[in-house]
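A.B. asks: Structure provided below as structure tokens; questions to follow.
Every number here is computed from the coordinates shown, using simple stated rules; none is lab data. A quick note: this is a predicted structure, and the numbers were derived from the prediction, not measured. As a convention, Cβ positions derive from the backbone with ideal geometry for all residues, glycine included, and neighbour counts pool all protein chains shown.
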Amino acid sequence: MSPFGSDALENCTAFAPSRAASGVATIFLYSHVRPLGQIIPIPVALGLAAAGAALIWRILEAARPNPAARERKRRLAVNARGRMADATLLDLSGDALHYSYWVRGVQYSASQDISGVRDRLPDDSKLLAGSALVKYVAGNPANSIVVCEEWSGLRVQPQEEPAIDHE
């Protein structure tokens, strides 16, 4: 007689003998095991799997920052821990501000995407020519900015408002 009772082996659909660590034979019972197709119809299971995969993809896609957010984060990080140096503004073309600067005897030429900080620039682009300050990361001097949301290295004099005569 079985240690599981006489009817336990009769109700099993399969059983497999195996050896435990002590060498005693044990029997694993697979009672009432049904294929997945009998529990959930296959098309429903595939639909649920596809919906789950799409949901996971949407969550991961939403968590990834867009390029504008990454650039803003970079500018703020350089501003927070950057060192300052003198720079020469070379050109403003489209949304790129081109400049050049020296750090420890090495000349760097760089450009900065200014589309996110366009409001910090003067309306007249001719005022941008000349010298400015640049902030750069000490460990990677090529990582630099001239302007960000919280700081500006532009040496532009504020435009005077025309005097209004109230008479």
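A.B. asks: Taking neighbour counts of Cβ atoms within 10 Å as a proxy for exposure, in what order, fewest first, do Val78, Val44, Val147, Val103 appear? Before the final figure, lay out the partial values.
C.D. replies: Values: Val78 21, Val44 9, Val147 24, Val103 15.
In increasing order of surrounding Cβ atoms, one gets Val44, Val103, Val78, Val147.
A.B. asks: Each residue of region 94-103 in turn: what ³J(HN,Hα) in whole Hz from Karplus with 6.51, -1.76, 1.60 and θ = phi - 60°, glycine and Pro shown as x?
C.D. replies: Rounded to whole hertz, the list is x, 9, 10, 9, 9, 8, 9, 7, 10, 9.
A.B. asks: If you take the beta carbon distance between Asn140 and Ile59 as r and set R0 to 25 Å, what does 1/(1 + (r/R0)^6) give as a FRET efficiency, to the nearest 0.05? Walk me through the intermediate numbers first.
C.D. replies: Details: r = 32 Å, r/R0 = 1.29.
For Asn140 and Ile59, the calculated efficiency is 0.20.
A.B. asks: Here's a follow-up. Is there a quick way to get the dipole size of region 68-145? I mean about its Cα centre, with the Cβ of Lys and Arg at +1 and of Asp and Glu at -1; what is the value in debye to the nearest 20? Mind dumping the intermediate values first?
C.D. replies: Numbers: 12 positive and 8 negative charges, 104 e Å.
Here the size comes out at about 500 debye.
A.B. asks: Next question, about the same structure. Based on the alpha-carbon gyration tensor of region 68-145 and its eigenvalue square roots a ≥ b ≥ c, which shape applies: rounded if a/c is under 1.5, prolate if not and a/b is larger than b/c, or oblate?
C.D. replies: Numbers: a/c = 1.99, a/b = 1.17, b/c = 1.70.
Judged from the Cα gyration tensor, region 68-145 comes out oblate (a/c at least 1.5, b/c at or above a/b).
A.B. asks: Here is a further query. I'd like the FRET efficiency for Asp123 and Val103, computed as 1/(1 + (r/R0)^6) with the beta carbon distance as r and R0 of 45 Å, rounded to 0.05.
C.D. replies: Working: r = 31 Å, r/R0 = 0.69.
For R0 = 45 Å, the calculated efficiency reads 0.90.
A.B. asks: Would you kindly derive the ³J(HN,Hα) couplings of region 66-76 from the backbone phi angles with the Karplus curve 6.51 cos²θ - 1.76 cosθ + 1.60 (θ = phi - 60°), listing them in order in whole Hz, with x for Gly and Pro?
C.D. replies: 3J(HN,Hα) across region 66-76, in whole Hz: 7, x, 5, 5, 5, 5, 4, 4, 5, 4, 5.
A.B. asks: Taking amide H atoms as placed 1.01 Å from N in the peptide plane, list the residues 5 or more away in sequence, or in a different chain, whose amide H sits under 5 Å from that of Tyr108.
C.D. replies: Tyr101, Trp102, Val103
A.B. asks: Sticking with this structure for a sec: Select from Thr88, Gly130, Asn143 the residue farthest towards the positive end of the dipole of region 68-145; place +1 on Cβ of Lys and Arg, -1 on Cβ of Asp and Glu, and compute about the Cα centre.
C.D. replies: Asn143
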